[in-house]
Amino acid sequence: MKKIIVLLLTLLPFHVTNAQSYNPFYANIVANTSQENILNDLTAFENFGIKTVGSNALTNTENWITARYQSLGYTDVVLQPFTYSAGTSNNIIVTKTGTLYPNTFLIIDAHYDTINGPGTNDNGTGTVLLLELARLLENVDTEYSIKFIHFSGEEDGLIGSNYYVNNTVIPQNLDIKLVFNIDEVGGVNGMTNNKVVCERDLTNPQSNNEASNAATNSLATLIELYSNLDTEISNAYASDYIPFENNGHIITGLYESNVSPVNHTIDDDLAHMDVAYAFEVIKGSLGAALEFAVAFEALSLEEEEHYNEMISISPNPSSNYITIKFIKPLQQVVDFKIINTLGKEVYKTTLSEQSQIIDLNNMASAHYFAVFKIGNKRFVKTIVID
Ligand SMILES: [Zn+2]
């Protein structure tokens, strides 16, 4: 029986080609995660009080979050107001622009409204996680754009995230790579908090479920690579990723494994959670965000010059083909892609020969970016097709 099972597994179309591996460049960034910052931010969040929609506490929290992004140097900080029976509130949407795919977004989101209590765990932890990721990603180049979104009205029925999907995502036909939702990752004081739940989409529509499953498996792998936590896979439900999932997007999420017995009560405070656990969740999430947004190392001017001499593209401008030549035989395969000025990939291959011809016959006349991926670095040349 066992042999048959093994044989079946090897025949399954297992998507292991993008298996995540430990990246020392990412680990160096993760190593800057600060438990002190996290504690300070959770304390500040707690001190604002009970953050129901319509309360001054929520407005004060909103102002604090907004000011934090501004002090970090983020300039694209947008408040999106929406109104319902409880009052008017704002989603806070912060965008970091990707260098290769500026119009394709990794959304990392958490709600910042609370119900019945200060909500230090639900969802101060998600709020603070976004702030810490934003701090550590601010000066890191990423291929994809990132939106950090702090939703409001979650506790009243996902009001803010529904509003965002209906009033931004759908009318703008926003190109979303992945929605990564964080809700309640503080654990339980006094318990052994060493595991986090990675949540995948198991509901209708079905079209996005396989991709959500793959992203969630990646998330679990990445959490284990960049934190000391174990992971378990479960299903996504009842948080701000749901309006995205209903609209067909690929979602994943994090939730604590030891579930707080005091959420949605006055006791949801620091004393009832585990800051050291939140710190580990944040480290793992940062590793995952670096991988999902495809962070890379900037080239020094010297390296830029070096690759300029090493790599030639001719003719440029070209009408039907280009020849890519390396000055020396390649020691390793180089990933190569061509991206249009809208940030859409139009050609992709791997280069292993010292000289290689690329057929451009079915590409429209325009400027493009030819991108060579060399380890953690990217060398980009403009090519013109006319
Ligand atoms: Zn929550």
Task: the stretch 119-154 - residue that is among the β-branched types (Val, Ile, Thr) and under 30 Å from THR341 (Cβ atoms) and, of those, surrounded by the fewest Cβ atoms within 10 Å (Cβ to Cβ) - done: VAL140
TODO: Return the residue satisfying two criteria in turn: it lies in the stretch 165-188 and is part of a loop (DSSP other than H, G, I, E, B) and away from the ligand (no atom under 14 Å from the Cβ), and of such residues it is farthest from ILE149 (Cα to Cα).
DONE: VAL188
Open item on the list: I'd like the residue in the stretch 217-256 that is buried (at least 21 other Cβ atoms within 10 Å of the Cβ) and of a type in the set (Gly, Ala, Ser) and, out of all such residues, is nearest to ASP156 (Cα to Cα).
Closed with: SER239
TODO: Given the conditions (1) at pLDDT 95 or above; (2) farther than 22 Å from GLU155 by Cα; (3) within 25 Å of the chain's Cα centre (by Cα), report the number of the one that ALA298 does not fulfil.
DONE: (1)
TODO: Kindly indicate the residue of the stretch 349-386 that is within 26 Å of GLU305 (Cβ to Cβ) and among the charged types (D, E, K, R) and also surrounded by the fewest Cβ atoms within 10 Å (Cβ to Cβ) among those meeting that condition.
DONE: GLU353
Task: Residue check, GLY157 surrounded by fewer than 24 Cβ atoms within 10 Å (Cβ to Cβ), in the same structural domain as THR104 (by TED's automatic domain parsing), touching a Pro at 6+ places or on another chain (Cβ under 7 Å) and part of a loop (DSSP other than H, G, I, E, B) - done: no
TODO: Report yes if THR231 is on the phi < 0 side of the Ramachandran plot, among the polar types (S, T, N, Q) and either not in a strand (DSSP E or B) or not assigned by TED's automatic domain parsing to the domain that holds GLU62 (or both), otherwise no.
DONE: no
Task: Complete set of residues in the stretch 144-163 that are more than 17 Å from the chain's Cα centre (by Cα) and more than 16 Å from the ligand (Cβ to nearest atom) - done: TYR163
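The values are calculated or read from the model by the stated rules, or taken from the named source; none is laboratory data. Keep in mind that this is a model prediction, so the values were computed, not measured. Glycine also receives a Cβ, built like all others from the backbone with ideal geometry; neighbour counts cover every protein chain displayed.
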